[in-house]
Amino acid sequence: MELELKVNNRNAIVKEVKREGNILTLSVDDELYEIDIVKVSNQEFSILYQGRSFNVEVIENKEPKHFHVNTLYFKFDVEVLDNESRYRQSRMQSKQVLNDNTIRSPMPGKVVRVFVKPGDIVEAGQPLIVLSAMKMESEFKAGQRGIVKEVPVKEGETVDNDQLLVVIDDIKEK
Amino acid sequence: MEQKPIKKVLVANRGEIAIRIMRSCREMGIDTVAVFSDADRTAMHVRYANEAYNIGPAPSSESYLSMEKIIATAKLSGADAIHPGYGFLSENSKFARRCREEGLLFIGPSPESIEMMGDKISARKKMIAAGVPVVPGTTEKVTSEAEAARYIKEIGLPVMIKASAGGGGKGMRLVKKESQIASSLRAARSEAKTAFGDDALYIEKYVDSPHHIEFQILSDKYGNTVHLFERECSVQRRHQKVVEETPSPIMTPEIRERMGAYAVAAANACQYEGAGTIEFIVDDKLNFYFLEMNTRLQVEHPITERVVGVDLVKEQIRIAEGFELPFKQEDLKQSGHAIECRIYAEDTDNNFMPNPGTITHITEPFGFGVRCDGYVYEGYTIPIYYDSLISKLIVWGRTREDAIERMRRALYEYKITGIKTTIRFLERIMDTPDFRNGQYNTHFIEKNSDFLLADGICDRKCEDMAMIATFAQYISRLEDSKKANAAPSAKKETNWKRQLRKFTSRI
């Protein structure tokens, strides 16, 4: 079995070479590992490698194929890359090139004030919307000059993490 | 005075403090009543209490701050006392008065004491009258810019402009230059008006390299007051405490005795009853000045409990019941060293932005000298309406060095997954030389921010292990789902079922 994984800025191919009971031999790119690995609970593994003991928690993130991984000293975000996620990634990148002027909520919260409506022309630095979360209010400003295309939320509405708040189009200069 | 044992306590709070209070109540055989907003239906304090009642929609103003709803719930449940915790209504004299009017025991000081100490200007005046050293400053509220300029000339720059009705770092402005006076006054006044509804200001000399050291006191209804020594709270970020410890590494026995005596005098000056805290500001030469009094139990009270061996919530309840304090000042001693780290759901890489969300996994630290006061659990979603404190990690060690190493160990063991927390930031604090040497003041976090926010360097093997474990987990999940999707085998009819059908068809 072989998988491509991504951790921090590194992509690597992990491939199972041999398994005998607990002893698993596998390669991470061109590095060969012979380890003793046992699943000790629903989301935890005990790995022994050259005498070193690693207790690793692998917890599913809400996005499929994304995992939070904890070792004693560090935390990692690991993604299993397959064709589906590679496709999604390339689509997201192309979208960003076309239009960088969307405001998305960085955390769950409540819309306190909306300053603009579709059709308004905004300048860089102009306040667009205020979100409240955990007793803190955050104001979001336009990144560059543009024309408000959409404001899919309204004052008083509760929003999720990464929810679309304001969409701004570039103004087509004559 | 007679003793009136309390049978049922309504805890007018939520989160970790609500559970902490209920634990002591359980030990005393007192029934507990939880109140919860719509956002807190699945909160731990609701699940822990004997009884629980909904008091309204999520926003605090419509639930946890609603005095009448809380009092009505107390009556409905037959509670004879209300414990307000910290924050919310704990220092609201109007609420304390309403409880008294309704025949409910407010576990805390009288409305009069709360008012006296809640108004910072009147508190300063009271302390001066009691002979307690205060930060040089005004004793009347400042009404005009001209007046402010005059006072500032007398006191000498730099000064702090503060809100009289204030607290928690709001409505405060540091003024270093004459040119800043007018704008700082305006800003402080407007912030005070918004946050506290009262724009009265006073001015204090700004103490350089300040240490924030506070003393815990307990007073009973018979005029007995003791202090339970100090807490060093100078590790702060934007005036919010992050790490507290006791004993203070800069304290000497002689200064401790003097400050303790003043703390007791301060409590007596306002006929205090219950648990309270006197906050002092201390400079590098160990000159100390009264800053303010908090007429409630504080977040960091567990470190005092650990080092003195006293359950402060139980003492609060016994004082409210009319019992005399079971100890005298000479009975109290500090033993060993305790440190508390507050764990917030904040993204330290993103300016400490609050990070509510769902907890997907928790591993808590255990072992000798470790106490974890929290309220979150696996699967719980932290609501966005309240503050982001999710737990307190308190450790004890025989020496300060032991305590620091134990805190490091416990922080590494503490894994909360699904949201971002300040745990890693706290680990870095334990590694910072200034903290380890005990040479720090309230500028500590600012001064060391580069070190504190630096990433750890993990070795490649460790990264590979993370990938290997993920590989194993992914495969394990694939195998699980294959088994679940396997075609179910044809159900074999059992004799028992056949007999049952024969039997039922006969009816």
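Key figures for this structure:
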item	result
Unmet requirement for A:Gln43, which otherwise passes all of (1) over 13 Å from B:Lys461 (Cα atoms); (2) facing chain B (nearest Cβ under 9 Å); (3) at pLDDT 95 or above	(3)
Checking B:Lys415 against (1) at the interface with another protein chain (Cβ under 9 Å from one of its Cβ atoms); (2) under 25 Å from B:Cys233 (Cβ atoms); (3) of a type in the set (D, E, K, R), the condition it does not meet	(2)
Verdict on A:Gly119 being within 13 Å of chain B (Cβ to nearest Cβ), in a loop (DSSP other than H, G, I, E, B) and either farther than 21 Å from B:Asn351 by Cα or in contact (Cβ under 8 Å) with a residue 60 or more places away in the chain (or both)	no
Residue count, region B:98-116 (criterion: within 19 Å of B:Ala192 (Cα to Cα) and touching a Pro at 6+ places or on another chain (Cβ under 8 Å))	0
Some residue of region B:470-493 being outside the structural domain of B:Cys233 (by TED's automatic domain parsing), closer than 30 Å to B:Met353 by Cβ, modelled with pLDDT of 90 or more and more than 23 Å from the chain's Cα centre (by Cα)	yes
Single match in B:Asp347, B:Asp373 (criterion: farther than 26 Å from B:Ile82 by Cα and either touching a Pro at 6+ places or on another chain (Cβ under 9 Å) or not basic (Lys, Arg) (or both))	B:Asp347
Members of region A:14-29 found to be hydrophobic (A, V, I, L, M, F, W, C) and facing chain B (nearest Cβ under 10 Å), listed by number	A:Val14, A:Leu24, A:Leu26, A:Val28
Failed item, numbered, when B:Ile390 is tested on (1) surrounded by fewer than 22 Cβ atoms within 10 Å (Cβ to Cβ); (2) within 18 Å of the chain's Cα centre (by Cα)	(1)
Subset of region A:137-158 (residues that are in a strand (DSSP E or B) and within 23 Å of the chain's Cα centre (by Cα))	A:Ser138, A:Glu139, A:Phe140, A:Lys141, A:Thr158
Qualifying residue in region B:402-413 (condition: in the same structural domain as B:Gly438 (by TED's automatic domain parsing), in a loop (DSSP other than H, G, I, E, B) and not charged (D, E, K, R))	no
Of all residues in region A:159-174 being within 20 Å of B:Tyr385 (Cα to Cα) and either surrounded by fewer than 14 Cβ atoms within 10 Å (Cβ to Cβ) or over 25 Å from the mean Cα position of the chain (by Cα) (or both), the one that is modelled with the lowest pLDDT	A:Asp162
Test for B:Glu204: is it surrounded by 17 or more Cβ atoms within 10 Å (Cβ to Cβ), outside any helix (DSSP H, G or I) and at pLDDT below 95	yes
Exclusive hit being of a type outside the set (A, V, I, L, M, F, W, C), more than 25 Å from B:Tyr344 (Cα to Cα) and surrounded by 18 or more Cβ atoms within 10 Å (Cβ to Cβ), set B:Gly260, B:Gly276	B:Gly260
Matching residues, region B:363-380, being facing chain A (nearest Cβ under 10 Å) and in contact (Cβ under 8 Å) with a residue 40 or more places away in the chain	B:Thr363
Lone unmet requirement of (1) over 19 Å from the mean Cα position of the chain (by Cα); (2) in a helix (DSSP H, G or I); (3) hydroxyl-bearing (Ser, Thr, Tyr) for B:Ser209	(2)
Given (1) over 25 Å from B:Gly456 (Cα atoms); (2) surrounded by 13 or more Cβ atoms within 10 Å (Cβ to Cβ); (3) charged (D, E, K, R), index of the condition A:Lys75 fails	(1)
Region A:98-153 - residue that is charged (D, E, K, R) and at pLDDT 85 or above and, of those, surrounded by the most Cβ atoms within 10 Å (Cβ to Cβ)	A:Lys110
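Matching residues to (1) buried (at least 16 other Cβ atoms within 10 Å of the Cβ); (2) modelled with pLDDT of 95 or more:
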| site | (1), (2) |
| --- | --- |
| B:Glu305 | yes, yes |
| B:Gly309 | no, yes |
| B:Leu312 | yes, yes |
| B:Ala320 | yes, yes |
| B:Asp331 | no, yes |
| B:Ile339 | yes, yes |
| B:Asp349 | no, no |
| B:Ile359 | yes, no |
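The values are calculated or read from the model by the stated rules, or taken from the named source; none is laboratory data. None of the values given here were measured: they were computed from a predicted structure. Cβ atoms come from the backbone with ideal geometry, glycine included; neighbour counts cover every protein chain shown.
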